[in-house]
1. Give me the extension gain from Leu41 to Gln56: residue separation times 0.36 nm, minus the current Cα-Cα distance, reported in nm with one decimal.
2. Arranged from highest to lowest average of other beta-carbon atoms within 10 Å per residue, in what order do the peptides 50-58, 37-45 appear?
Amino acid sequence: TISISVSPPTTDSNATTPKKVLLPIGFGTEEMEAVILIHVLRRAGAHVTVASVEPQLQIEAAG
């Protein structure tokens with residue numbers, strides 16, 4: 001039997017500021033992979049910035 005426990009992040013006295021994460025995305029990015037990654041990082045307390053590596057601000061994800 002395998003038991004998995006998921007608990008919220010604990011506060012560390014040494015970690016006073018949340019981590020900052022830059023997630024570069026471009027044409028062909030799998031939309032669900034990006035959304036899930038952003039969601040997990042934010043739930044872990046990170047400040048996530050999503051940036052296009054393309055000249056346009058909007059990209060077309062793989063579909």
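1. Working: separation 15, 0.36 × 15 = 5.40 nm, distance 2.45 nm.
Gain on extension, Leu41 to Gln56, equals 2.9 nm.
2. Numbers: 50-58: 9.9, 37-45: 13.1.
Put in order of decreasing packing, that is 37-45, 50-58.
Each reported figure results from applying straightforward, stated rules to the coordinates on display, with no laboratory input. A quick note: this is a predicted structure, and the numbers were derived from the prediction, not measured. Here Cβ is always computed from backbone atoms with ideal geometry, including for glycine, and neighbour counts include all displayed protein chains.
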